[in-house]
Amino acid sequence: MGKTMALSSEMKNVKNARVEIKTSAELKEVLREAASAAGLDLSAFILSAALERAENVLDNQRRRQLSEQSWKEVNALIAEPAAPTLALQALMQRNKDGRKA
């Protein structure tokens, strides 16, 4: 969350883009109450929450990317699958009803 705090102070200096959202009056009141409890104005509260969520989504996405070496290892495993075990061979010889073929 330190990253969010650092970005928040940078954002206070330069505000040249606008984001608009529509919501119900009830939801807006809930957000306003939460913002007040956090000691923030509504815009800062929403932006802070959205930025934190965005960072989490991007961090998750980045962790799913493989290094070049890991990608090569995955491809090698796919290209040369392991030989079936004895248990798997026995299972493959059974009929759908579970009896030996």
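Site pair Gln93 and Glu80 shows an inter-label distance of 2.8 nm when each label is modelled 7 Å from Cα along Cα→Cβ. A simple charge model with +1 on the Cβ of Lys and Arg, -1 on the Cβ of Asp and Glu and nothing else charged puts the dipole of the chain at about 460 debye relative to its Cα centre. For the chain, the longest principal axis of the Cα atoms and the long axis of helix 2-13 meet at an angle of about 40 degrees.
Straightening the chain between Ser36 and Arg64 buys 6.4 nm, computed as 0.36 nm per residue apart minus the Cα-Cα spacing.
Taking the three principal axes of the alpha carbon atoms in the chain, the coordinate ranges are 71, 38, 22 Å, sorted in descending order. Here's the picture: charge each Lys and Arg Cβ at +1 and each Asp and Glu Cβ at -1 in the chain, and of Asn60, Ile46, Leu27 the one pushed furthest to the positive end of that dipole is Asn60. The simple Förster model, with R0 at 22 Å and r as the Cβ-Cβ distance, assigns Ala25 and Ala54 a FRET efficiency of 0.25.
FYI, it's all coordinate maths here, none of it is from the lab. Source: prediction; values computed, not measured. FYI the Cβ positions are ideal-geometry reconstructions off the backbone, even for glycines, and counts take in every protein chain you see.
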